[in-house]
Amino acid sequence: MVVTWVGPVPNEAKVTITDEDAFGAATQMMGSEVHQDLPEKYKDSLYRSELFNASMHWDFDELVRWEERLGTSQIREEPWRSLFKDYYLARGYPILGTLVKHPPVSLAERPIACSVVNQRGVIVYDGTTEHLFLRSYFHSKGDAGSFSNFAPRGGIKMSFATRAIWFPLALTSAQLRTAPEPVSYVVLDILTPEPVRRSIELPHPFRRVATSSVNVGEVPEQVQYDGRNYHTTRIAATLSSTNDREDFVLRM
């Protein structure tokens with residue numbers, strides 16, 4: 001059993017399925033990658049899934065046909081139609097679709113609803129290029145009160161030229177309008193060559209999160225990735241279904 005995972009990609013971005021390394025480097029310094037307010041029911045018996053069969057879609061009807069071949073037609077309906085066709089594709093953002101393995105379940109426990117409860121991003125940004133590492137934490141409800149929690153072992157990496165840090169927040173906002181869960185959590189670690197200035201105003205409702213404790217001799221909020229040292233800033237947000245939001249954009 002699989003679920004589809006779809007989302008926008010900046011035009012001309014290089015996209016790959018990646019491993020745990022970037023997420024692990026950030027969490028080693030900053031602590032757990034799930035939001036501190038994430039309820040325990042969403043973390044219980046977490047299953048690490050595989051990602052496979054990724055494909056890019058530049059046309060909405062093509063995206064719909066891809067979903068329908070996999071047994072779902074939800075994407076034809078609102079808010080998905082407006083989000084993907086008018087907000088992303090019309091602005092030149094192709095849509096990435098990939099499959100996520102669902103934890104094994106019995107026929108009696110087959111899932112009837114699935115939500116993204118925690119969005120995780122690690123963003124490496126040098127002022128001209130962004131490397132966005134992204135993965136989602138899923139919670140599916142089954143018949144007779146059963147549930148499953150799962151997340152990819154690795155994630156999706158997008159690399160693209162940009163003058164501002166970008167994250168697809170409008171996607172999370174739209175998901176909440178159709179999901180059975182009341183809120184969704186977002187945790188982003190931003191890795192930059194120089195510390196992010198405290199005076200920079202974060203898009204609402206994001207706030208800074210203090211780093212976890214460090215070992216003797218280590219520099220607080222600094223992490224090594226790909227042979228370079230970066231300063232790390234963790235920000236987080238709790239989103240509700242009562243507000244539609246634009247994508248996250250942070251100009252340094």
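Give me the residue from the range 85-106 that is part of a helix (DSSP H, G or I) and in contact (Cβ under 8 Å) with a residue 60 or more places away in the chain and, out of that set, farthest from VAL15 (Cα to Cα).
TYR87
Looking at PHE138, PHE84, PHE133, just one residue is in contact with a Cys (Cβ under 8 Å, 6 or more places away or on another chain) and under 29 Å from ALA236 (Cβ atoms), and that residue is PHE138. Among the residues of the range 141-162, those that are at pLDDT 90 or above, more than 17 Å from VAL34 (Cβ to Cβ) and in a strand (DSSP E or B) comprise ILE156, LYS157, MET158, SER159, PHE160, ALA161.
Taken together, GLU201, GLU246 contain a single residue that is assigned to a loop (DSSP other than H, G, I, E, B) and either modelled with pLDDT under 90 or in contact with a helix residue (DSSP H, G or I) (Cβ under 8 Å, 6 or more places away or on another chain) (or both), which is GLU246.
Contact map, the range 119-144: residues that are farther than 19 Å from TYR42 by Cβ paired with residues that are among the acidic types (Asp, Glu) and modelled with pLDDT of 95 or more, Cβ distance under 8 Å, separation 6+ or inter-chain. Pairs shown: ILE123/GLU130; VAL124/GLU130.
A quick yes/no check of all residues on (1) touching a Lys or Arg at 6+ places or on another chain (Cβ under 8 Å); (2) polar (S, T, N, Q); (3) surrounded by 19 or more Cβ atoms within 10 Å (Cβ to Cβ); (4) not in a strand (DSSP E or B):
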| site | (1), (2), (3), (4) |
| --- | --- |
| THR4 | no, yes, no, no |
| THR27 | no, yes, yes, yes |
| VAL34 | yes, no, yes, yes |
| ARG48 | yes, no, no, no |
| PHE52 | yes, no, no, no |
| GLU68 | no, no, no, yes |
| THR72 | no, yes, no, yes |
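Pairing each residue of the range 224-245 that is within 15 Å of GLY121 (Cα to Cα) with any residue that is polar (S, T, N, Q), provided the two are 6+ apart or on different chains, yields C-beta distances under 8 Å for THR232/THR211; THR232/GLN222; THR233/THR192; ARG234/THR211; ALA236/GLN36; THR238/SER184. In the range 4-22, the residues that are among the small types (Gly, Ala, Ser) reach residues that are outside any loop (DSSP other than H, G, I, E, B) and surrounded by 14 or more Cβ atoms within 10 Å (Cβ to Cβ) with C-beta atoms within less than 6 angstrom, at least six apart or across chains, in these pairs: GLY7/LEU96; GLY7/LEU171; ALA13/MET158; ALA13/PHE160; ALA22/VAL122; ALA22/PHE133.
Of the residues making up the range 213-242, those that are over 19 Å from LEU132 (Cβ atoms) and either modelled with pLDDT of 90 or more or of a type in the set (Ser, Thr, Tyr) (or both) are SER213, THR238, SER240, SER241, THR242. Evaluate the following for VAL64: is it assigned to a helix (DSSP H, G or I) and either under 30 Å from THR242 (Cβ atoms) or hydroxyl-bearing (Ser, Thr, Tyr) (or both)? Yes: the conditions hold for VAL64. When every residue of the range 108-126 is checked against the conditions, none turns out to be at pLDDT 95 or above, among the acidic types (Asp, Glu) and surrounded by fewer than 19 Cβ atoms within 10 Å (Cβ to Cβ).
Only one entry in ALA113, ALA174 is assigned to a helix (DSSP H, G or I) and either farther than 19 Å from GLY24 by Cβ or under 10 Å from the mean Cα position of the chain (by Cα) (or both), namely ALA174.
Does HIS57 count as crowded, with 19+ Cβ neighbours inside 10 Å and modelled with pLDDT under 95? Taking the combined requirement at face value, the residue does not satisfy it.
The values are calculated or read from the model by the stated rules, or taken from the named source; none is laboratory data. Everything numeric in this text was worked out from a predicted model, so none of it was measured. Cβ sites come from the backbone with ideal geometry, for glycine too, and all protein chains shown count toward neighbours.
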